Amino acid sequence: MQIARDHGLIVVEDACQAVGLPYKGVRVGTIGDAGAFSFNQFKNINIGEGGAVVTNDARLFARARMYHDIGALFRGHLDNANEPPMLGINLKASQIQGAMLNVQLKKLDPMIRRMRRRYDAIAEILSSSNAMRIGPHNDQDNAAGLHVIFDTAEEAQAFSAENKRGVYRLYDSSRHVYSNWLPVLEQRTANPKMNPYAWTSRKIEYAPDMCPRSLDILKRTCRIGLGENYPLPLMTYFARRMARQRPAAKGSLVYAT
């Protein structure tokens, strides 16, 4: 945030994967000038699809409200009375979806506490394994997402294949990895006249191998689901089972006796 302030930039905080979680005493989504949340089926609270934007900046709030409601200036919203008209699209959620989210909001903090208990228990068990190590976290006391790192990409791939439920290798998460995002690598958009790469004063180049260290870490790292909706003894059973696995020749995994 300080770097952004020094350069006159606005920070849009992507908090979609961490709805409700704190980071060093501050709720995520409230750190940037604006925060974005997602409510699809993979998120902490969900209504199938959709999301939300939060901000304490009056002008950003007015523009966000206008953009999500076809650029509307005529629905009695006093916050956009002095804001110039702008193009918008229809992103309005229904009252039924709002009611569903309100119910889930009351359950959010208890769910996060369940995730924290499972994180601590599973991490303690897996830390005893010689096959993997617990991935670092910038705020360990509030960690609610667990990943483990292997020495080789082959070991991580084998671990993911062996534990199909609740485990996946980060590199295999499709377009979440930049090297799988062809429009970025090929610098193309819907219309050549709207291509931002053509507006720059210098040539911009991207390549699949431009971040080799990041790709290496992704290939060696597996995310482990915490199973917050399952009994803790069941999740610790799965953790002990994973901890007994050790790498063998050619990246395969066997159970230690």
Single match in Ala190, Ala121, Ala161, Ala143 (criterion: open to solvent by 40 Å² or more (accessible area, probe 1.4 Å), of a type in the set (A, V, I, L, M, F, W, C) and more than 21 Å from Lys219 (Cα to Cα)): Ala190
Report, ordered by the first and then the second residue, all pairs with beta carbons closer than 8 Å, sequence separation of six or more or different chains, a first member in region 150-164 that is without any contact (Cβ under 8 Å) to a residue 12 or more places away in the chain, and a second member that is open to solvent by 50 Å² or more (accessible area, probe 1.4 Å) and assigned to a helix (DSSP H, G or I). none
Out of all the residues in region 213-233, is one or more more than 13 Å from Gln157 (Cα to Cα), among the basic types (Lys, Arg) and at pLDDT 95 or above? yes
Within region 8-113, which strands (runs of 3 or more DSSP E) (wholly inside it) include 2 or more residues that are open to solvent by 60 Å² or more (accessible area, probe 1.4 Å)? 12-14
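The values are calculated or read from the model by the stated rules, or taken from the named source; none is laboratory data. The shown structure was predicted, so the numbers you read here are calculated from the model rather than taken from an experiment. Note that we place each Cβ from the backbone using ideal geometry, even for glycine, and neighbour counts take in every protein chain shown. The area values use the complete protein model at the heavy-atom level, side chains included, leaving out ligands, DNA and RNA. Shrake-Rupley method; radii C 1.70, N 1.55, O 1.52, S 1.80 Å.
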